[in-house]
Structures are given as C-alpha cells and as structure tokens.
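Data first, discussion second: the structure below is written as structure tokens.
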Amino acid sequence: MEGLREDLIADEGIRLKPYLCPAGKTTIGVGRNLDDVGITEDEAMEMLENDIERVKSQLAKALPWLETKPPGVQRAIGNMTFQMGLGAVLKFKKMLAAIQARDYNAARREALDSAWAKQTPQRAKRVTDLFKEA
C-alpha cells in the first residue's frame, strides 16, 4: 500500500494532543481513535521510554548535580518529575537543598511534608523510601 502513509497524513493531519474527531471519539496522532482502538502495550512502553528520556534530559539541564547523587535519589527525583513535572519538583527547594547537602533524611522529611505526599501518600512513601538507600 505504497503512499498510504502520506495519504493518511494529508487526510487526517497530525495532532499531538488528544482531540475529539467529528464522530466524537477521542483521537490523537494521525487519526488514532483512542476510544475504540486505544494503544498497544508496545506503544505504551515506547511512550514510557520517551517520557523517561525527557525527564532525564530535563533533570540533567535543571539539576546537573543530581547525577552525582546515589542512584536511589536520582530514581526518586525522576519519579517525582514524571508525576508532577519539573516545575513542581523545583519548588521543593528545601528537599533539593538537603539532597545537595547529602542529608537524605531531611530530604525525605521535606518531601513527605507536602501537598504531593498528602495527595498520593502511598506513592510518596515508596518514592521517598529510596532516600533511605542513600
């Protein structure tokens, strides 16, 4: 079906954020009907890998010192950034200062004393437990 790809892009367009098609179905990309078709597990894992790379790149630029910290600390901050976004994580000034000072207990306390921890308490505990490994 040579040329089908180009035809579909021309007919459907490329939309990088979900929208409602004329039939009222949630759609994304080049006419992918998310309501009826969804995505495959392979597609979900590819999206996740892309998101992890985006988070790692954001953190490398915003907090270059983080790569010198223990793997568990990096993983915890990566998880928080994935969930909340970089801007929200950068507001955890006392937690980040404690990490820079290698005071991981204080960093954990600061993270747990937050709206984030109140909204997602089980995740916050699991993520901040990674500070204990440092």
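Brief remarks follow.
- Selection from segment 1-24 of residues that are in a loop (DSSP other than H, G, I, E, B) and either of a type in the set (D, E, K, R) or surrounded by 12 or more Cβ atoms within 10 Å (Cβ to Cβ) (or both): E2, C21
- Segment 109-134 residues that are more than 14 Å from Q83 (Cα to Cα), paired with ones that are of a type in the set (F, W, Y) and part of a helix (DSSP H, G or I) (beta carbon under 7 Å, 6 or more apart): F131/Y104; A134/Y104
Values in this text are rule-based calculations from the coordinates and carry no lab data. Computed from a predicted structure; not experimentally measured. Positions of Cβ are generated from backbone atoms using ideal geometry, with glycine treated the same way; all protein chains shown enter the neighbour counts.
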